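Notes follow once the structure below has been shown.
The values are calculated or read from the model by the stated rules, or taken from the named source; none is laboratory data. For clarity, every value in this text was computed on a predicted model and none was experimentally measured. Neighbour counts are summed over all protein chains in view; Cβ atoms, including those assigned to glycine, are modelled from backbone coordinates with ideal geometry.
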Amino acid sequence: MLARDNTSLIFQPLCDFDQGFEVLGSLGAEPSRPTKVWSCGGGARNAMWLKMREIRISSICGENGVTVDRAENTEASFGAAILAAGTF
C-alpha cells in the first residue's frame with residue numbers, strides 16, 4: 001500500500017494543471033465545464049494517472065459526469081495538433 005501512496009504523491013502535481021478549465025469557463029468558454037477529456041502524451045498510458053485526472057477535474061468542475069479517456073493517438077504532438085487545428 002505504501003508504494004501506491006508514493007506513486008499517488010508523484011502523480012498528483014501532474015493533475016493539478018487542470019484548473020485551466022475553471023479559468024476558461026470564467027472567461028466565457030462554451031461549455032463552461034468539460035464533460036469529456038481526452039488525454040494524450042506519456043501520462044495517458046497510465047491508468048492510475050487517467051483516474052487521478054478524472055477525480056481532479058470532477059472536483060474542479062463539479063460532479064457533472066466528467067470522464068477522462070485515453071486518446072486514440074497518445075503522442076503529445078497529437079494534443080498540440082488538435083489545439084492548433086482549433087484556431088482555424
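Of the residues 77, 32, which is part of a helix (DSSP H, G or I), out of contact with any Cys (no Cβ under 8 Å at 6 or more places or on another chain), loosely packed, with under 14 Cβ neighbours inside 10 Å and among the small types (Gly, Ala, Ser)? Quick ask: steps written out before the conclusion?
Working: 32 fails: part of a helix (DSSP H, G or I).
Answer to the selection: 77.
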Among residues belonging to region 53-74 that are farther than 21 Å from residue 25 by Cα and among the polar types (S, T, N, Q), point out the one that is nearest to the chain's Cα centre (by Cα).
-> 74
Contact list, first residue from region 63-88 and at pLDDT below 85, second anywhere and aliphatic (A, V, I, L, M), beta-carbon distance below 7 Å, six or more apart or interchain, is 66/37; 66/57; 74/44; 78/71
